[in-house]
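Structure, as structure tokens:
The values are calculated or read from the model by the stated rules, or taken from the named source; none is laboratory data. The structure displayed is predicted, hence computed values, not measured ones. Every residue, glycine as well, gets a Cβ built from its backbone with ideal geometry; the counts of neighbours run over all protein chains shown. Note: areas computed on protein heavy atoms with side chains; ligands, DNA, RNA excluded. Shrake-Rupley method; radii C 1.70, N 1.55, O 1.52, S 1.80 Å.
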Amino acid sequence: MGSEAMKINLKVWRQPNSKAEGKFETYQLNEVSPDMSFLEMFDVLNEQLITDGGEPVAFDHDCREGICGMCSMFINGRPHGPKQGITTCQLHMRSFKDGDTIVVEPWRAQSFPVIKDLSVDRSAFDRIIASGGFVSVNTGNAVDANSILIPKDTADEAFAAATCIGCGACVAACKNSSAMLFVSAKVSQLSLLPQGKAERENRVIAMVDQMDKEGFGSCTNTGACSAECPKEIDLSNIARMNREYVRAKLVSK
Amino acid sequence: MKVLQFLFTSSIGRKVLMALTGLFLILFLVIHLMGNLQLLKHDEGYAFNKYAWFMTSNPLIKTVSYLLYATILLHAFKGLYLVFANRKARGAKSYGSYNGNANSHWTSRNMGILGTLILAFIIGHMSDFWWEYKFGDIPWTKYETSITDESTMVTDITSENHGVHIRMGVAGDKEVFITKDLYKETVEAFEEGWLVALYLLAMAAIAFHLWHGFSSAFQTLGMNHPRWNPLINGLGKAFSILVPLGFAIIPLYVYLLK
């Protein structure tokens, strides 16, 4: 497609370090191809900034194919921008119009402090996983396939939950900065399967405790997390986590 | 009680407490509406006053009503606490641009504001009627129902109510019911246009609060199931429209037609 170059105005959050007061800076790009990804457009911006002797914008990115979850950008009031079920690297400039002004901010949550510009510290998620998001058994040799029977729909549900890439869009979208979609995806993935069931009570209590300790908000069931999730993790996972948690609190010994 | 401590200390526990108290209040709305609809009867308040007397004198109902007051306070103040705790979770800086409408319904993002409006309404509503009925100086009425032909004679006895002890009994061939006339108090209150307008606004707030709250309570309690979701969501939407509408009809009816 021989599409014409676009003019794009950017309002980007600039913050030199975690302690500094940040502010929005405005930039203009005159030669943006509609076929660029949003991150490639930022590469162009950084080239331009470096050429002009300025400081390039720090932003997280890695795989650029929608599976690593690094590209945390809050674009025009939504995590990963205006499209459904994608990350920032999968967002293309053709989703915007020539002459548009685009506001780009970091994820905002007390538990995700800004490191620099658009880059935030998401290690709170790592600590939640470390608190119980694993199966602690010695696996030994690889066992025969299908030696433990798992119904197909259960396996599908566990897999759907396991597609969570831990990007933090759920926290960013939620008005309460709640991490419940993330935590519930991990709790679901493991508690649905026989290997994970053994530790289900301890796991859900430990992970929810850690989530609360990190300072994430609680859930109002607005559904914003699921609507903005690049992997479209379902809200039923949060219901499952609530169930698992209450069950663990009431019946575990 | 240690087993229930999590209801007050953990994020999920607090949500569960909000859901349980919310569902109890939803149940109360049904009972309250069924009672109130008797205000529409053309019997000069006989049925409604009898109901009001029953609701305020029956020991079981009185016990439940104290539980209800506690539930309202718990739901309201726990909710407000959550609003502020959740706001804090955003951190010192909020977004420069936040497009909530793209991913969620506005009622779900404004449960705190809607709830505060409802709390303000409940305080006004209780001082209008509950306080007046219990401690206020409101009119007294005597209903005398003939046992033979079931016709009722209504007498305003406001000026001579001092020393009334027997509230209900049989005298000769008549069943006598002497009561504070909450019906008259209500009808007089709803002759004021501004008060009717306030009540309608409050019912709108309740409708929007329930629009999200009804199904949200089930989700919080872990009830999210493809076979049940359509029923829960449908019931929630119907409830959030029909029940506040039922309440709203009463002041409107009184104001326009009585």
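A few points about this structure:
- Check on B:ASN101, within 14 Å of chain A (Cβ to nearest Cβ) and surrounded by fewer than 14 Cβ atoms within 10 Å (Cβ to Cβ): yes
- Verdict on A:ALA248 being surrounded by fewer than 19 Cβ atoms within 10 Å (Cβ to Cβ) and more than 9 Å from chain B (Cβ to nearest Cβ): no
- Residues of the stretch B:187-226 classified as closer than 26 Å to B:GLY13 by Cα and open to solvent by 30 Å² or more (accessible area, probe 1.4 Å), total: 9
- For first residues located in the stretch B:153-179 and in a loop (DSSP other than H, G, I, E, B), partners that are modelled with pLDDT of 85 or more and polar (S, T, N, Q) and lie 6+ apart or on another chain with Cβ distances below 7 Å form the pairs B:ILE157/B:THR141; B:ARG167/B:THR179; B:ASP173/B:SER146.
- Of all residues in the stretch A:141-156, those that are modelled with pLDDT of 85 or more have Cβ atoms under 7 Å from Cβ atoms of residues that are in a helix (DSSP H, G or I) and open to solvent by less than 100 Å² (accessible area, probe 1.4 Å), 6 or more apart or on another chain, in A:ILE148/A:PRO194; A:ILE150/A:PRO194.
- Test set (1) open to solvent by less than 20 Å² (accessible area, probe 1.4 Å); (2) in contact with a Leu (Cβ under 9 Å, 6 or more places away or on another chain); (3) among the hydrophobic types (A, V, I, L, M, F, W, C) - B:ALA89 fails condition number: (2)
- Answer from A:VAL183, A:VAL208, A:VAL187 - the residue that is in the same structural domain as A:MET241 (by TED's automatic domain parsing) and in contact with a Ser or Thr (Cβ under 7 Å, 6 or more places away or on another chain): A:VAL208
- Set B:THR56, B:THR71: member being open to solvent by less than 70 Å² (accessible area, probe 1.4 Å), modelled with pLDDT under 95 and away from chain A (no Cβ under 14 Å): B:THR56
- B:LEU33 vs. criteria within 14 Å of chain A (Cβ to nearest Cβ), within 23 Å of B:VAL243 (Cβ to Cβ) and either touching a residue at least 12 places away in the same chain (Cβ under 8 Å) or more than 18 Å from the chain's Cα centre (by Cα) (or both): no
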